[in-house]
Amino acid sequence: MTNECRREFFNQRADQWLDMCYKDAETGGYTRYDSEFERLFNLVSLTEGDHVLDLGCGSGVLVPHILKRIGCKGRVYEVDYAEKMIEANQCLHTDERITFLVSDILDLVLDPESCDLVICFACFPHLEHKVEAMKIISGIL
């Protein structure tokens, strides 16, 4: 599948993504995997003031977990190449600590060493040029 086909796949599903993948049938909230996310974030060394790149963020399922750990001086860069995913994410998350960027990793412009952590939750398999992506990610860290 080409990069453009993948982008279109995610754009077409952006408005329903959280409902399809993360909605808890009992609560109606997007908490289906909260215990797994808590376990994951307890293993990740996030501290107050950290800057986090959430690459392939989609509609932002990880945002609440990241924000509660980075404190008021931290920053989250929500980056996805599917503009409709970013639009859905922006509708749900209005916190001033979030910067939203529509970009492919190969075109991403962030200062070198500008982030303390990069998360590629469920997106790395979709990257077409993995080696180049890792070089860019390494520079951002």
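The values are calculated or read from the model by the stated rules, or taken from the named source; none is laboratory data. This one's a predicted model, so the numbers in the text were calculated from it and none came from an experiment. Positions of Cβ are generated from backbone atoms using ideal geometry, with glycine treated the same way; all protein chains shown enter the neighbour counts. Accessible surface is based on the protein model in full, side chains and every heavy atom, while ligands, DNA and RNA are left aside. Shrake-Rupley method; radii C 1.70, N 1.55, O 1.52, S 1.80 Å.
Positive end of the dipole of the chain (Cβ unit charges, origin at the Cα centre): among SER35, CYS120, GLN12, the Cα lying farthest that way belongs to SER35. Each residue was assigned an accessible area with a 1.4 Å probe, and for LEU92 the value is about 90 Å². For THR99, the residues whose modelled amide H falls within less than 5 Å of its own, excluding neighbours fewer than 5 places apart on the same chain, are VAL76, TYR77, GLU78. Using a 1.4 Å probe on the protein heavy atoms, what percent of the accessible area of the stretch 55-119 belongs to carbon and sulfur? Using a 1.4 Å probe with all protein chains present, the stretch 55-119 comes out at 49 percent carbon and sulfur. Comparing ASP80, ASP50, ASP116 in a Gaussian network model of the chain (Cα springs below 10 Å), the most mobile by mean-square fluctuation is ASP116.
Give a quick list of GluC sites (Glu not before Pro) in the stretch 1-102 that DSSP marks as loop, anything other than H, G, I, E or B, with at most 13 other Cβ atoms within 10 Å. In loop regions of the stretch 1-102 (DSSP not H, G, I, E or B), the sparsely surrounded GluC sites (Glu not before Pro) are GLU26, GLU48, GLU96. Residue-wise HN-Hα couplings along the stretch 124-133, as the Karplus relation 6.51 cos²θ - 1.76 cosθ + 1.60 with θ = phi - 60° gives them from phi, are 4, x, 8, 6, 6, 10, 5, 5, 5, 4 Hz; Gly and Pro carry x. Computed over the chain, relative contact order equals 25 percent, with contacts defined as Cα pairs under 8 Å that lie 6+ residues apart.
If you take the beta carbon distance between LEU141 and TYR33 as r and set R0 to 22 Å, what does 1/(1 + (r/R0)^6) give as a FRET efficiency, to the nearest 0.05?
Values: r = 26 Å, r/R0 = 1.16.
So the FRET efficiency works out to roughly 0.30.
Applied to the stretch 101-110, the Karplus parametrisation 6.51 cos²θ - 1.76 cosθ + 1.60 on θ = phi - 60° returns per-residue 3J(HN,Hα) values of 9, 9, 6, 6, 4, 5, 10, 5, 10, 10 Hz, with x for Gly and Pro. Solvent-accessible area of LEU53, all protein chains in place: 0 Å² (probe radius 1.4 Å, heavy atoms, ligands and nucleic acids excluded).
Counted residue by residue at 0.36 nm each, then reduced by the alpha carbon distance between them, the extension gain from HIS126 to LEU92 reaches 9.9 nm.
Quote to one decimal, in nm, the extra length available between GLN16 and ASN3 on full extension: 0.36 nm per residue of separation minus the C-alpha distance between them.
Going from the current span to full extension adds 2.6 nm.
With the convex hull drawn around the C-alpha atoms of the chain, the volume per residue stands at 108 Å³.
Placing +1 on each Lys and Arg Cβ and -1 on each Asp and Glu Cβ, with no other charges, gives the chain a dipole about its Cα centre of roughly 220 debye.
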